[in-house]
Amino acid sequence: MLEIDNLSAAYQSFQALFGVSLRVEVGEAVGVIGPNGAGKTTLLRVISGLLPGRADRLAFEGRTLDHVPAFRIIARGIAQVPENRRLFPKLSVEENLRVGAYIPQARKHFAERLGWVYELFPRLAERRNQLAGTLSGGEQQMCAIARALMSRPKLLLLDEPSAGLAPLVVQQVFDLVRRIRGQGLTVLIVEQNVQQLLDLVDRAYLLEVGHVRLAGMAAELKANPFVRQAYLGL
């Protein structure tokens, strides 16, 4: 579904990614782990068209993403839940969800999709008229994920969904992602909570200083001595 071969990306003179290769197959959940500054968010920004990159191949469903603007990437079926949610705080929950369904192919399915999202997130249905900025952190994360789902994506990109949340809420967020996976959605998730992530995904990549240091099945990475010592504290 998603193919990345030898991707490099930079912010002006600072290079953030060096020759990164990654793939995501239909129906998979794939994780990207690594410390702050490793290039994880940069990777998602390139996939979403928010940052230019150079690659031998950057393609989704066999079609190149090179030089494709962000709004067209959404229309192709890739939606991102950004780090720190980035909701419109002075809009209601439902108004934020309507923004997520802005592209033409989503607008005509708005009512149907809204009902599906409210079934998936009953708490948002209860707070549909509440301003997004007054929600709790966990509710805001639910709203951000729901907003991305409103565009009817084939691939969902999640950037640090547990950031700033209490441990109990973190567990709830990961449970929600499991439910989304159960609906057949393909997921690429960047996360610093390594234990939770490796319990969720099929495969994972370890990024360090812009390079892929390790890649493999989640169980393999959980058993890797370096990952256990450096990221799992074992």
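Just so it is clear, none of the values below were taken in a lab; they were calculated from the coordinates. The model shown is predicted, which means the values in this text are computed figures rather than measured ones. Note: ideal-geometry Cβ built from the backbone for every residue, glycine included; neighbour counts use all protein chains shown.
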Using the basic label-point model (7 angstrom from Cα toward the beta carbon), what is the GLN195 to LEU91 distance in nanometres? 3.7 nm
Roughly what would the spin-label model give for THR64 and ALA125, points 7 Å off Cα along C-beta, in nm? 4.6 nm
Hey, what D do you get for region 91-215 in µm²/s if you plug the Kirkwood alpha-carbon radius into Stokes-Einstein at 10 °C and 1.306 mPa s? 103 µm²/s
Per 0.36 nm of contour for each residue apart, how much would the distance between ASP56 and GLU112 grow if the chain were fully extended, relative to their Cα-Cα spacing? 16.2 nm
Percent antiparallel among DSSP beta bridges with both residues in the chain, to the nearest 5? 55 percent
Interchain or sequence-distant (5+) residues whose placed amide H lies within less than 5 Å of the amide H of ARG203 are ALA29, GLY31, ALA218
For the chain, state the semi-axes of the equivalent ellipsoid (square roots of 5 times the eigenvalues of the alpha-carbon gyration tensor), sorted largest first and rounded to whole angstrom. 28, 21, 16
About the Cα centre of region 78-152, how large is the charge dipole given +1 on each Lys and Arg Cβ and -1 on each Asp and Glu Cβ? Please answer in debye to the nearest 20. 200 debye
In debye to the nearest 20, how big a dipole does the chain give about its Cα centre with +1 on each Lys and Arg Cβ and -1 on each Asp and Glu Cβ? 560 debye
Would you work out which of LEU214, ILE180, LEU197 lies farthest towards the positive end of the dipole of region 176-228, given +1 charges on the beta-carbon of Lys and Arg and -1 on that of Asp and Glu, about the Cα centre? ILE180
Correct semi-axes for region 78-152, from √(5λ) of the alpha-carbon gyration tensor and rounded to whole Å with the largest first, are 18, 13, 11
Which is farthest toward the positive dipole end of region 78-152 among ILE78, LEU124, ILE145, measuring Cα position about the Cα centre, with Cβ charges +1 (Lys, Arg) and -1 (Asp, Glu)? ILE78
Diffing region 212-228: the Karplus 3J(HN,Hα) column from phi (6.51, -1.76, 1.60, θ = phi - 60°), in whole Hz with x for Gly and Pro, holds 7, 8, 9, 8, x, 5, 4, 5, 5, 5, 5, 8, 5, x, 5, 5, 4
Sorted peptide list for 162-175, 203-216, criterion being average Cβ within 10 angstrom, highest first: 203-216, 162-175
Step through the residues of region 17-22 one at a time and calculate ³J(HN,Hα) from phi using the Karplus curve (6.51 cos²θ - 1.76 cosθ + 1.60, θ = phi - 60°), rounding each to whole Hz and writing x for Gly and Pro. 10, 10, x, 7, 10, 7
